[in-house]
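Notes follow once the structure below has been shown.
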Amino acid sequence: MARERDSVGKLVRDKIPDMIRASGRTPHVRTLSTAEYQTALLDKLREEVAELIAAATRDAVIEEAADVLEVLPAIAAEHRADTIVGVTRSKLAERGGFDMRLSLDAIDSASR
C-alpha cells in the first residue's frame, strides 16, 4: 500500500522537521539557495501578516505578531541588518513612530 504524502512547499522554522519526526512522520526538506530563501522569507512574511490580520483574540494577535517579528530579522540579515536598523532609526528620528496613534484623515490644499 502506498504511503500518503502531504505537499507543503514553504519555509519552516529550524526545529519543525524534528517535531515532524517525533510525531512518527517523515519530513522531506532541502536547503534553499540564497534567491529561493529571500523569496521564501517574503512569502513567509505575507503568510504571517495575513494570520495576524485574521487573528480574532488577544492571544492570537500576540502569537501571530511574534511570528512576524521572527521573520523580520531574518529578512534584515539577508539584506544587511545594520543598514536596515540604521534606516529604521533615521525614519524614527525624522518622521517619528506610532506612539501617538495618529490617523491622517484629509489634507487641505495649500493656500496661495
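Here, each number is a calculation from the coordinates, and none is a lab measurement. None of these values were measured; they are calculated from a predicted model. We place every Cβ from the backbone using ideal geometry, glycine too, and count neighbours over all the protein chains shown.
Positive-end ranking of 33, 52, 83 along the dipole of segment 32-93, with charges on Cβ about the Cα centre, is headed by 83.
The radius of gyration of the Cα set in the chain, together with its Dmax, comes out at 20.1, 81 angstrom. Each Lys and Arg adds +1 at its Cβ and each Asp and Glu adds -1 at its Cβ; summed about the Cα centre, the chain shows a dipole of about 280 debye. Across segment 84-91, rounded Karplus estimates of 3J(HN,Hα) from the backbone phi angles (6.51 cos²θ - 1.76 cosθ + 1.60, θ = phi - 60°) give 5, 4, x, 5, 4, 5, 4, 5 Hz, Gly and Pro being marked x. In this structure the amide hydrogen of residue 32, modeled in the peptide plane, comes within under 5 Å of no amide hydrogen from residues 5 or more places off or on another chain. Here the Karplus curve 6.51 cos²θ - 1.76 cosθ + 1.60, taken at θ = phi - 60°, turns the phi angles of segment 42-57 into couplings of 5, 4, 5, 4, 4, 4, 5, 5, 4, 5, 5, 4, 7, 4, 9, 10 Hz, with x standing for Gly and Pro. Between residue 79 and residue 34, the contour length at 0.36 nm per residue exceeds the Cα-Cα span by 15.1 nm.
Expressed as a fraction of 2.2 N^0.38 Å, the C-alpha radius of gyration for segment 32-93 is 1.27. Taking 14, 43, 82 as the candidate residues, the one with maximal mean-square fluctuation in a Gaussian network model of the chain, Cα springs under 10 Å, is 14.
Residues considered: 90, 33, 23. Largest GNM mean-square fluctuation over the chain, using C-alpha springs under 10 Å, is found at 23. Spin-label pair residue 102-residue 14: with each label point 7 Å from Cα along the Cα-Cβ axis, the two points sit 4.1 nm from one another.
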